[in-house]
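Below: the structure, in structure tokens.
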Amino acid sequence: MSAEFSPREQKVLELAAQGLTDKGIAEAIGISAATVVTYWGRIRAKTGLISRAELVGHFIRRAAEAEVVALRQELEAHIDEEQRLRTSLELLQGFVDAAPEAMLIVDPDGRIESGNALAAEMLECDQSEFQSLRVGRFIPPEIHDLHKVYREQYIKDPTRIVIGHGTEGVEMLTCKGRRMRAIVTINAAVVHGVTKVIVILRGLSAPEPEMPGDDDLKSRANTYPSGTRSA
């Protein structure tokens, strides 16, 4: 439309399409009615159409066509972005699957999206179970609240963090409810504006055969190791 009509000619057509008379168009634009007639003459010369109804119909049809083109371009751009995101996530998943260490992909809300075979073996889960679990499933109940605080702080400042390094590691639960200790490294990856948290697990001990007693649980409740951050 912009290549065919000047901005003022297009405005005349827009107002006419809204049902305004030449007088109403003149008042809306702030010009004289005679000038509106001049614009109509230019529009007729450009289109080869004579009647006002034909001119308005032509304008509406062209405007609709332009809107369809714009919507198509927007849709194609969205599809392209979705494809780029899908490709990037597939590459990320391939990296995790091939990693030599146990890894999980977690969303910012703590839902596990996937994990590799090594993570499934370490955490005594079937690999297909991960998508139905949250990371809280592997946190001992006595430190759930503390873990929640750590997770919320991390999402606000998602730098690399290592939990349990230089100590006996952090205590975790397996899918079977058995306890083990591990060093946990957390990295945030932003893929086309979507945040994914990569969790790397390094086991320091095999899962305990039995659950500890109540006294042991109480002594562990305040020993959640602090994380070491790095840029």
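The values are calculated or read from the model by the stated rules, or taken from the named source; none is laboratory data. Remember, predicted model here, so these are calculated numbers, not experimental data. Cβ placement follows ideal geometry from the backbone for every residue including glycine, while neighbour counts extend to all protein chains displayed.
Scanning the range 117-134 for residues that are among the acidic types (Asp, Glu) and not in a loop (DSSP other than H, G, I, E, B), we see that the one that is modelled with the lowest pLDDT is Glu129. Only residues that are in a helix (DSSP H, G or I), over 30 Å from His192 (Cβ atoms) and small (Gly, Ala, Ser) were counted across the range 25-83, and they come to 10.
For Gly57, the criteria (1) more than 20 Å from the chain's Cα centre (by Cα); (2) modelled with pLDDT under 85; (3) surrounded by 12 or more Cβ atoms within 10 Å (Cβ to Cβ) hold in every case but one, which is (2).
Pairing residues of the range 53-66 that are free of Cβ contacts under 8 Å to residues at least 60 places away in the same chain with residues that are among the small types (Gly, Ala, Ser), at Cβ distances under 7 Å and at least 6 apart in sequence or on separate chains, gives Val56/Ala16; Val56/Ala17; Phe59/Ala17; Ile60/Ala17.
Of all residue pairs spaced 6 or more apart or on separate chains, those with beta-carbon atoms under 7 Å, a first member in the range 181-206 that is in contact (Cβ under 8 Å) with a residue 24 or more places away in the chain and a second member that is polar (S, T, N, Q) and assigned to a strand (DSSP E or B) are Ala188/Thr195; Ile198/Asn187; Ile200/Thr185. Ser114 meets all of the listed conditions (1) in contact (Cβ under 8 Å) with a residue 60 or more places away in the chain; (2) over 16 Å from the mean Cα position of the chain (by Cα); (3) part of a strand (DSSP E or B) but one, namely (1). Residues of the range 75-112 that are crowded, with 17+ Cβ neighbours inside 10 Å and either modelled with pLDDT of 85 or more or not hydrophobic (A, V, I, L, M, F, W, C) (or both): Val96, Ala102, Met103, Leu104, Ile105, Val106, Gly110, Ile112. The set of residues in the range 113-125 that are crowded, with 18+ Cβ neighbours inside 10 Å and small (Gly, Ala, Ser) comprises Ser114, Gly115, Ala119, Ala120.
Listed by position, the strands (runs of 3 or more DSSP E) contained in the range 150-213 that have at least 3 residues being surrounded by fewer than 19 Cβ atoms within 10 Å (Cβ to Cβ) and under 27 Å from the mean Cα position of the chain (by Cα) are 179-191, 194-203.
For the range 18-30, the set of residues classified as touching a helix residue (DSSP H, G or I) at 6+ places or on another chain (Cβ under 8 Å) and closer than 17 Å to Ser6 by Cβ consists of Ile25, Ala26, Ala28, Ile29, listed by residue number.
Inspect the range 92-100 for any residue being outside the structural domain of Glu208 (by TED's automatic domain parsing) and under 18 Å from the mean Cα position of the chain (by Cα) and give the result as yes or no. Yes, the range 92-100 has at least one match.
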